[in-house]
Protein chains: 2
Amino acid sequence: MVKGSMDLIDTQRAHAVYADMPPAIEVSGGSAANTAAGVASFGGSAAFIGKVAEDELGAVFAHDIRAAGVDFDIEPLAGAEAAAGTARCLILVTPDAQRTMNTYLGVAAALRPIDVDAALIASAKVLYVEGYLWDDPGAKDVIRTAVAAAREAGTRVSFTLSDGFCVDRHRDEFLELIAGDVDILFANESEICSLYETTDFEVAVSRVVGHVAIACLTRSELGSVILTADGDRISVDAASTNLVDTTGAGDLYAAGVLTGWATGQTLAESGRMGSLAAGEVISHLGARPQKPLSEIWKDHR
Amino acid sequence: MVKGSMDLIDTQRAHAVYADMPPAIEVSGGSAANTAAGVASFGGSAAFIGKVAEDELGAVFAHDIRAAGVDFDIEPLAGAEAAAGTARCLILVTPDAQRTMNTYLGVAAALRPIDVDAALIASAKVLYVEGYLWDDPGAKDVIRTAVAAAREAGTRVSFTLSDGFCVDRHRDEFLELIAGDVDILFANESEICSLYETTDFEVAVSRVVGHVAIACLTRSELGSVILTADGDRISVDAASTNLVDTTGAGDLYAAGVLTGWATGQTLAESGRMGSLAAGEVISHLGARPQKPLSEIWKDHR
C-alpha cells in the first residue's frame, strides 16, 4: 500500500487485508456522502446521489445518512445485480493519524445516469462531485449527466480532486472539466501539484488562478488557501484539535466551505467553517461528525 | 427507556429503536468481551467464551477480538439454529456521556455448558463472569459449569454485577453466588446498593466486607474503592480524561484490576490500571480501547 493514498481492491484482496487488520470500528463513509452529512450537521440542506445494495452495510449507510438529515432517495440494488454488495473501504490509521484506504467499490459502480434527478440538482445552489468516481466509466457518465443538469439549471458545480493518484490517472479529463464546468474546486497540496505536474505549491497556485472561479486548497496543519479568479488570496488557519484520524478531513472542509458559500458567508468565513468541520472529524476515528457542526460553529463565530 | 440502564429487547423493538436512532457507529462489544480485549491490550493473556452466529456481525466480532489478541475458539452457530443472529446492543449516548443500552441477545443465549473448556479455565489465574448472563436460564447453567471448573482447578472467580436492574432481578442468587464462589467482585455504586437494598454507599461497603475476599466498587468520577476481607480500604482516583461515552467504563476498569492482580501488582496499582483503562475507553465512542493500554500504563506508572 502507498501510505496516505486510496487503492481500489477486489473481494479477494479485501478478505486478505481484513484478516491482517487490527480491531476495527465500522462507520458510514464515502467521500461525498461525508460532505453531505457535514452540510446537514451545519444545518444546511443536502441530498446524496449514490448506490448501495440491499444488504446489511447498505441498510446502515441509508440509516446513517438519513438520520444525519440528508435526503437519500435512491433505491438499493436488489437481487442478482446486487451480488457485489455495498461498497466498503478498509482504512488503516497509523499512529501519526494518517489514513491509507483500500476501497472495494461493489455496487457503487452501478450508479447510472437515470439515477440523476435533474429537478433535485436544479433545486440546489451547488452540485458537489468527487473525483474518485472518475475511475469507473459508468460513474463518469453519471457525473457528466449531473454536471449538464447543473449547467442547464444555473446550479454551480464544485469538484474535488480526491486523491493524487486519481489525478494522475485522469489529468487531461480533469483539466478539461475544471476549465469548462467547475466553479469551485477543492484539492489538497499533493493533488493540486499532481494536476499541474509540479512539486512547487506556489507554481500550482499560479496555475489554478483563472483556471477556475474559486479554488480551495488545503494544506493539513497549515490550513488552507482560497483563491478567486479576481486574484483574491485568502489564508485560512487550521482549527486546533486533538489529531486522531485524518480520514474525512477534506470531505468535511468542503462541507464547511460549501455551507458557508451557499448561505452567503464571505469566503474567509466559509473557509473558517471548513477548518472547524475538518478539526472536528480528525479528532476521532471515522469520517462523519460526532458533534453537531452547527454548535461548534456557533461557539466559534 | 431508563437512562443509564440495560434493557433486553426483541427483533421488533430493535428495528423500531434503530429507525429512531441518530447516525451511529458499529463497534464490537459485549461486557466480558470488552474486559478480555482490555486485558490483552495491557499485554495480558485472555480467552473469551461466548457465542456468535455465522453472519456479518459474528465475523466482525470474531475478527476484532482475535485481532485484539484474545483467544476465541468457539465455532459460530450456523444453519437454522443461527437464525436469531449475533447479539447486538443499540446504545444511545447522551451529551452527558451517559449510555442507555438496548440489547438483543440473539444466539448469545445459545451458549451451552458443553462450550465451557474446563482445561482452558484451569490454565487461567482468574475466571471473569458477567451478571448480565443471569437473565438467560441456559447461560446461567454455563456460568455454574464454568465456576465449578474454576473451583476444581483452583482458578479464582471474579464476577461483575453488570446492572442495577439485573441485580434486582436476581438478588438472592447473586448473594449466594458471591458468598459461596466469588473471590473478586466488581460493582458500581448503584449495583452494590441494589444488592444490599440500601441507598447508602457506606452501608453497602460495610456489608460487602467479609462477604467476598476482594470487592472493587466504582463510583464514576469519584474513582473506586477496593475492599478486602482483611479490612483494607484502598481509594483509587479516576483518571483525568475527555469524557465522551461512558460505555465500557466498568468493563475496562475490571480489565485493569484483573491484569494487575494476575501479574502480582498491589491492589492500589491494580486499581490505578483500572482507572487508566476506564479513562481511555470513555474518551471516545465505543467500549474497546483504541490505544494500547500497555503504552498508557507505561507512561503513567
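Throughout, read-outs are computed from the coordinates displayed, never taken from laboratory work. All of these numbers come straight from a predicted model, not from anything done at the bench. Here the Cβ is made from the backbone with ideal geometry for all residues, glycine too, and neighbour counts use every protein chain on show.
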Query - Residues whose placed amide H lies under 5 Å from that of A:Asp71, excluding near-sequence neighbours - result: A:Ala46, A:Ala47, A:Phe48
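Given the peptides A:180-189, B:79-88, B:157-166, arrange them by the average over their residues of other C-beta atoms within 10 Å, most packed first.
Listed from highest to lowest mean packing, they are B:157-166, A:180-189, B:79-88.
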Query raised in the report: So between A:Glu295 and A:Thr11, what do we pick up on full extension, going 0.36 nm a residue minus the alpha carbon distance?
Result: 98.2 nm
Report summary line: If one builds a Gaussian network model of chain A from Cα atoms under 10 Å apart, the most fluctuating residue listed among A:Ser190, A:Ser224, A:Ser240 is A:Ser240
Query - Residue-by-residue Karplus 3J(HN,Hα) for the stretch A:153-165, coefficients 6.51, -1.76, 1.60, Hz, glycine and proline x - result: 8, x, 6, 6, 10, 10, 8, 10, 6, 6, 6, x, 5
Query raised in the report: For label points placed 7 Å from Cα toward Cβ, what is the shortest-first list of nm distances from A:Ser123 to its copies?
Result: 6.2
Requested in this report: May I ask you to derive the FRET efficiency for B:Ser240 and A:Asp20 from their Cβ-Cβ distance with R0 = 30 Å, giving the value to the nearest 0.05?
Outcome: 0.30
**Report entry** Per-residue average of Cβ from other chains inside 10 Å of B:60-73
**Finding:** 2
Query - Fraction of beta bridges assigned by DSSP in the stretch B:6-300 that are antiparallel (%, nearest 5) - result: 45
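For the protein assembly as shown, what class follows from the C-alpha gyration tensor (a ≥ b ≥ c being the square roots of its eigenvalues): rounded when a/c is under 1.5, otherwise prolate if a/b is larger than b/c, else oblate? Working shown, then result.
Details: a/c = 2.40, a/b = 1.98, b/c = 1.21.
Since a/c reaches 1.5 and a/b is larger than b/c, the shape of the protein assembly as shown is classed as prolate.
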Query raised in the report: Around A:Gly164, what is the net charge, scoring Lys/Arg as +1 and Asp/Glu as -1 over all other residues with Cβ under 11 Å from its Cβ?
Result: -2
Report task. List, in order, the whole-Hz ³J(HN,Hα) value for each residue of the stretch A:170-179 obtained from phi through the Karplus relation with A = 6.51, B = -1.76, C = 1.60 and θ = phi - 60°; use x for Gly and Pro. Result -> 10, 3, 5, 5, 5, 4, 5, 4, 4, 5
Query raised in the report: Of the beta bridges DSSP finds with both residues in the protein assembly as shown, what % are antiparallel, to the nearest 5?
Result: 45
Query raised in the report: Taking N as the number of residues in the stretch A:6-300, what value does Rg over Cα atoms divided by 2.2 N^0.38 Å take?
Result: 0.94
Report task. Name the shape class, rounded, prolate or oblate, that the alpha-carbon gyration tensor gives for the stretch A:119-259, where a ≥ b ≥ c are the square roots of its eigenvalues, rounded holds for a/c under 1.5, and otherwise prolate holds if a/b is larger than b/c and oblate otherwise. Result -> rounded
Report task. Report the label-to-label distance for B:Asp200 and A:Glu202 in nanometres (one decimal), using points 7 Å from each Cα along the Cα→Cβ vector. Result -> 7.7
Query raised in the report: In nm, one decimal, shortest first: how far is the label point of B:Ala59 (7 Å from Cα along Cα to beta carbon) from the matching points in the other copies?
Result: 1.6
Query raised in the report: From the label point of B:Arg171, set 7 Å from Cα along Cα→Cβ, how far away are the matching label points in the other copies, in nm, ordered shortest to longest?
Result: 7.7
Query raised in the report: Mind checking which of A:Ala59, A:Ala19, A:Ala67 has the largest fluctuation in a GNM of chain A, springs on alpha carbons under 10 Å?
Result: A:Ala19
Requested in this report: With +1 on each Lys and Arg Cβ and -1 on each Asp and Glu Cβ, and nothing else charged, work out how big the dipole of the stretch A:6-300 is about its Cα centre, in Debye to the nearest 20.
Outcome: 440
Query - Value of [θ]222 nm, deg cm²/dmol, for chain A, DSSP H segments ≥ 4, -39500 (n - 2.57) each, nearest 500 - result: -12000 deg cm²/dmol
Report task. For A:Tyr128, enumerate residues with amide H under 5 Å from its amide H, sequence gap 5+ or separate chain, H modeled in the peptide plane. Result -> A:Ser158
Report summary line: Given the candidates A:Val236, A:Leu105, B:Val126, the one whose Cα lies deepest towards the positive end of the charge dipole of the protein assembly as shown, counting +1 at each Lys or Arg C-beta and -1 at each Asp or Glu C-beta, is A:Val236
**Report entry** Shape category assigned to the stretch A:161-236 from the gyration tensor of Cα positions, a/c cut at 1.5
**Finding:** oblate
Query raised in the report: In A, who owns the beta-carbon nearest the axis carrying A over to B, and how many Å from it?
Result: A:Glu26, 2
**Report entry** Too-long pairs where the Cα-Cα distance tops 28 Å, listed order kept, from B:Lys3/B:Lys140; A:Lys125/A:Lys291; A:Lys51/B:Lys291; A:Lys125/A:Lys298; A:Lys3/A:Lys140; A:Lys51/A:Lys125
**Finding:** A:Lys51/B:Lys291
Query raised in the report: If one computes the Cα centroid of the stretch B:194-236 and of the stretch A:83-100, what distance in Å separates the two points?
Result: 44
